[in-house]
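What follows is one structure encoded as structure tokens, with my remarks underneath.
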Amino acid sequence: MERDTLVLILATLVVLGFLAAGVLRRYLQARQLLALRRMLHQERGGAPPDAEDGRSPSSAAIDQGLLELLRPAEPQVDGDRRRIRLAALGVGLFLLFAGLGICIGFGLGGDDRLVESWSIGLVPGMAGIGLLVFYRLAAGE
């Protein structure tokens, strides 16, 4: 394999490794919190919260999640607008800087075909600018 291919594979594996480490960390924190709750309930002389009905914590969590999904949603206009604005801000910044990075990367590339096609980065960059304009205009509502 070429050196560039190996670097790309290594970068992908590093990113996936960080994602897996984050998921594992959250799992271990939830497990530690459950153990702490059990210990506190045992100290008070009561049964742990997940043992009251004889079900496992995972099945109780699944049932609770299903109940939340089946419950009709209450309209939260202000919360939804805020979430949409924040999503537009995050995605807009990401696209803007991704487009800028593509323009710079292609512009400084050693290959003539890449240098000629630096303007491909303008597409995500302009989409990012559009989302940032939406974020700014939606603030006045």
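The values are calculated or read from the model by the stated rules, or taken from the named source; none is laboratory data. On a predicted model such as this, the values are computed, not experimentally measured, just so you know. Note that we place each Cβ from the backbone using ideal geometry, even for glycine, and neighbour counts take in every protein chain shown.
Below is a table of values for the structure above.
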item	result
Identity of the residue in the stretch 91-141, over 29 Å from Asp4 (Cα atoms), loosely packed, with under 12 Cβ neighbours inside 10 Å and free of Cβ contacts under 8 Å to residues at least 12 places away in the same chain, that ends up farthest from the chain's Cα centre (by Cα)	Gly140
Residue that is nearest to Gly109 (Cα to Cα) [pool: residues in the stretch 1-25 that are loosely packed, with under 10 Cβ neighbours inside 10 Å and of a type outside the set (A, V, I, L, M, F, W, C)]	Asp4
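So that you can scan it fast, the table gives a plain yes or no per residue for (1) modelled with pLDDT under 80; (2) assigned by TED's automatic domain parsing to the domain that holds Asp4; (3) out of contact with any Phe, Trp or Tyr (no Cβ under 7 Å at 6 or more places or on another chain):
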{"site": "Asp50", "(1), (2), (3)": "yes, yes, yes"}
{"site": "Asp53", "(1), (2), (3)": "yes, yes, yes"}
{"site": "Ser56", "(1), (2), (3)": "yes, yes, yes"}
{"site": "Ala61", "(1), (2), (3)": "yes, yes, yes"}
{"site": "Asp80", "(1), (2), (3)": "yes, no, yes"}
{"site": "Ile102", "(1), (2), (3)": "no, no, yes"}
{"site": "Leu108", "(1), (2), (3)": "no, no, yes"}
{"site": "Ile120", "(1), (2), (3)": "no, no, no"}
